Amino acid sequence: DTPTQPEVAINLPSVFSPITITATMSFNAPLTKALIYGGKTGWIGGKMAGLLKEKNVEVVLAEARIENRTDVAKELDTVKPSHVFMAAGITGRPNIDWCEDHKPETIRTNVIGTLNLADLCNERNIHVTVYATGCIFKYDDAHPLGSGIGFKEEDTPNFDGSFYSETKGYMEPMLQCYPNCMILRVRMPISDDLSHRNFITKIVKYERVVNIPNSMTVLHEMLPASLAMAQKGLTGVYNFCNPGVISHNECLDLYTKYVDPTYTYKNFTVEEQSKVLKAGRSNNEMDATKLLKDMPEGIKLNDIKTAVELCMQRMQKNLTEEFGPLP
């Protein structure tokens, strides 16, 4: 018999009433065949495809667009994956300000598309890992900057300063109604390459940066962790960040130390930043207690400051091998 899971209280944004669902599915099937949405052109999806292949898992890169329900249903029935990894979505180009002027497109992919995939996978009893966002919170009186008090998985989103974050904040509680979903709150993802999606590569190009401690996700450590979590059959929401916080300046100082000693930067305030952006930006600390407690054996996560320093050391090595000695 399939074991009955405990009831899960879902806290939706204040316009909704809280609801309670009962999860009754078990997702301990072996990870043998992965279907990845966002694997063909997406950054995280592409990295996950590489990791899964290294583990000798059969990988299929999805062709269907997630907003096209009929196409997704057909693809799921044709491929018959043991697991689905959902890394597709719109973040805008060059940044989330794009979403402010493209609201229907943002909803179509990030809300309708994501819920389509979760719903169709649930109908077929397929575990789906959703790479979501933790940019749905901002420091507040109960979670002051510098306090070390992080937002927990059950906390209700409190940041709607950008349309991108607003839609994510409303969608996450709906996703939690699907017992087959593992929802990973990624924040300011960092990699050891110069991808334009890399948080450090992004801020290096800015004329000025704010300097605020934040929770962040170092992909070199966290993506293998997500694979192990999917293999374990974990479901529900996880704050998917390395423990602790690191500031913009600390990131850039490590970049200067290991990658480009000629690099310099200037700071400005959040108020000054808001004058040059269409949409606000989320700043927060995420509590890693649940993530660390449920992490499968053999997976080691460094605190964020250690993880970023190791990441910059790898970036230095990678760039030196590719381009020769750095300045």
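The values are calculated or read from the model by the stated rules, or taken from the named source; none is laboratory data. Owing to the predicted nature of the structure, the values given are computational and were not obtained by experimental measurement. No Cβ is skipped: glycine too gets one built from the backbone with ideal geometry, and neighbour counts run over all protein chains shown. Remember, those area values only see protein heavy atoms, side chains included, never the ligands or the DNA or RNA. Shrake-Rupley method; radii C 1.70, N 1.55, O 1.52, S 1.80 Å.
Okay, here's what the table says:
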| item | result |
| --- | --- |
| Whole-number accessible area per residue in Å² for the chain, which is evaluated in the context of all protein chains at 1.4 Å | 46 Å² |
| DSSP beta bridge pairing in the chain, given as percent antiparallel to the nearest 5 | 20 percent |
| Cross-link pairs beyond the 19 Å C-alpha cut-off, checked among 232/290; 168/205; 33/80 | 168/205 |
| Long-range HN-HN contacts of residue 214 with modeled amide H, under 5 Å | 246, 247 |
| q = 0.16, 0.24, 0.29, 0.31 Å⁻¹, segment 202-260: log10 I(q)/I(0) [Debye, one scatterer per Cα] | -0.65, -1.03, -1.25, -1.31 |
| In sequence order, calculated HN-Hα J values of segment 55-68 (Karplus, 6.51, -1.76, 1.60; Hz; x Gly/Pro) | 8, 6, 8, 5, 10, 10, 8, 4, 9, 5, 7, 5, 6, 9 |
| Table column - 3J(HN,Hα) (Hz), segment 186-192, Karplus curve with 6.51, -1.76, 1.60, x for Gly and Pro | 7, 9, 6, x, 10, 10, 9 |
| For mean projected area of the Cα convex hull in nm², calculated from these coordinates, the label among (i) 21.9; (ii) 17.1; (iii) 16.0 | (ii) |
| Listed residues 109, 81, 229: farthest to the positive end of the dipole of the chain (Cβ charges) | 81 |
| Normalised contact order of the chain, rounded percent, pairs of Cα under 8 Å and 6 or more residues apart | 18 percent |
| Cβ-based net charge around residue 315, under 12 Å, with every Lys or Arg adding one and every Asp or Glu removing one | -3 |
| Per-residue [θ]222 nm for the chain (sum of -39500 (n - 2.57) over DSSP H runs n ≥ 4, rounded to 500) | -10500 deg cm²/dmol |
| Amide H contacts under 5 Å for residue 133, placed H, 5+ residues apart | 186 |
| Label point at residue 247 placed 7 Å out along Cα→Cβ; residues across segment 207-227 whose backbone nitrogen lies under 17 Å | 208-216 |
| Integer Hz, Karplus 6.51/-1.76/1.60 couplings in order for segment 315-323, x for Gly and Pro | 4, 4, 5, 4, 5, 5, 5, 7, 10 |
| For segment 127-246, alpha-carbon Rg over 2.2 N^0.38 Å | 1.09 |
| Normalised contact order of segment 23-159, rounded percent, pairs of Cα under 8 Å and 6 or more residues apart | 24 percent |
| Residues with amide H under 5 Å from that of residue 267, placed H, sequence gap 5 or more | 209 |
| Given charges at beta-carbon only (K, R positive; D, E negative), |dipole| of the chain in Debye | 580 debye |
| Share of carbon and sulfur in the accessible heavy-atom surface of the chain [1.4 Å probe, %] | 51 percent |
| Förster-model FRET efficiency, 35 Å R0, residue 149 and residue 269, C-beta, rounded to 0.05 | 0.90 |
